[in-house]
Amino acid sequence: MSPADARYRRVIAVDGPAASGKGTLARRLAAHYGLPYLDTGLLYRMVARAVIDDGHDIRDADHAAAAVAALDGRSFPEEALRGREIGEAASVVAAMPAVRAGLIERQRRFAAQPGGAVLDGRDIGTVICPQAGAKLFVTATPEVRAARRHRELTGRGEPATFDAILADIRRRDARDSGRSDAPLKAAEDAVLLDTSALTIDEVLAAAIAIVEARRAG
Ligand code: CDP
């Protein structure tokens, strides 16, 4: 194992599509192992928020790249990042190579903390931390994911129909999986975890068993 590999050995990479339950799982895993946690989707959401707040078209790659470079000087309240419109806009900027390239180093710096870290996203196991000691790819059917997102959004007072959210999820899946740079896909050595019929506690227990097996092996 090279020194670079050793640095990432205690990283837990959690990837998966929108509303698959990866964020909830990653947060619970981080609490269980006492590790720092990074929700990398928030980085793309911040870039999208900055482009929109500055009055630019979300498809404008130059302004999106400039927003990445200026990210350290800005802060956003979490409620400004979690909405439906920002999830969609985030997936537009996330397909831009300059945006992805500009966000790689900060994610790797976070991952390289001495005791390890938990990161969730789309490309943690494939691009950001291919040397992660444990990789999970979390999935659920589009209908189950839409129902979860529907509950989450209406719980926060953002009205939307189930059908509209299902359409969002299908569109985002297609964009995230179809882009040429770091598409959403499971790493070859990731373990697939289908959460469609599982409770959060069951998902956590299954994930801990996977991490322990990887660490033992
Ligand atoms: O919470 P949800 O799964 O809906 O979205 P998110 O994880 O906050 O990510 C929002 C968007 O950012 C995704 O649709 C992806 O296009 C993009 N993203 C990415 O490309 N790579 C990551 N590591 C994380 C998010």
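No value in this document is a laboratory result; all are computed from the given coordinates. Fair warning: this is a prediction, and the values are worked out from it, not measured in the lab. FYI the Cβ positions are ideal-geometry reconstructions off the backbone, even for glycines, and counts take in every protein chain you see.
Farthest towards the positive end of the charge dipole of the chain, among the residues ALA48, ALA174, GLY121, is the Cα of GLY121, using unit charges on the Cβ of Lys, Arg, Asp and Glu.
Dividing the mean sequence gap of close Cα pairs (under 8 Å, 6+ apart) by how many residues the chain holds gives a relative contact order of 34 percent. Couplings for region 16-26, taken from phi via the Karplus curve 6.51 cos²θ - 1.76 cosθ + 1.60 with θ = phi - 60°, read x, x, 3, 6, 7, x, 5, x, 4, 5, 4 Hz in order; Gly and Pro are left as x. Projecting the Cα atoms of PHE110, ALA13, HIS32 onto the dipole axis of region 1-120, where Lys and Arg carry +1 and Asp and Glu carry -1 at the beta carbon, places HIS32 farthest toward the positive end.
Is the C-alpha gyration tensor of region 1-80 telling us rounded, prolate or oblate? Criteria: a/c under 1.5 is rounded; beyond that, a/b larger than b/c is prolate, otherwise oblate. In terms of gyration-tensor shape, prolate.
Rounded to the nearest 20 debye, what is the charge dipole size of the chain about its Cα centre when +1 sits on each Lys and Arg Cβ and -1 on each Asp and Glu Cβ?
Once rounded to the nearest 20, the dipole reads 460 debye.
From most to least packed by mean Cβ count within 10 Å, the peptides 16-26, 199-209, 89-99 give 16-26, 89-99, 199-209.
Where Lys and Arg each count +1 and Asp and Glu each count -1, what net charge lies around PRO114 among other residues with Cβ under 13 Å from its Cβ?
Around PRO114, the charge tally is +4.
Under 5 Å from the amide H of GLY121 lie the amide H atoms of VAL14, ASP15, GLY16, each residue being 5 or more positions distant or on a separate chain, with H modelled from the backbone and absent for Pro and chain starts.
Summing Lys, Arg as +1 and Asp, Glu as -1, what charge do residues with Cβ under 14 Å from the Cβ of ALA80 carry, ALA80 excluded?
Result for the local shell: 0.
Let me make sure I get this right: for region 121-217, a, b and c are the square roots of the gyration tensor eigenvalues over alpha carbons, sorted descending. Under 1.5 in a/c it's rounded, otherwise prolate if a/b > b/c, else oblate. Which is it? Oblate shape, in that a/c is at least 1.5 and b/c is the bigger or equal ratio. When +1 charges are put on Lys and Arg Cβ atoms and -1 charges on Asp and Glu Cβ atoms, the dipole computed for region 23-143 relative to its Cα centre reaches about 520 debye. Rounded if a/c is under 1.5, else prolate if a/b is larger than b/c, else oblate: which is region 42-197, with a ≥ b ≥ c the root eigenvalues of its Cα gyration tensor? Taking the square roots of the gyration eigenvalues as a ≥ b ≥ c, region 42-197 is oblate. Counting only Cβ charges, +1 for Lys and Arg and -1 for Asp and Glu, the dipole size of region 58-123 around its Cα centre is about 180 debye.
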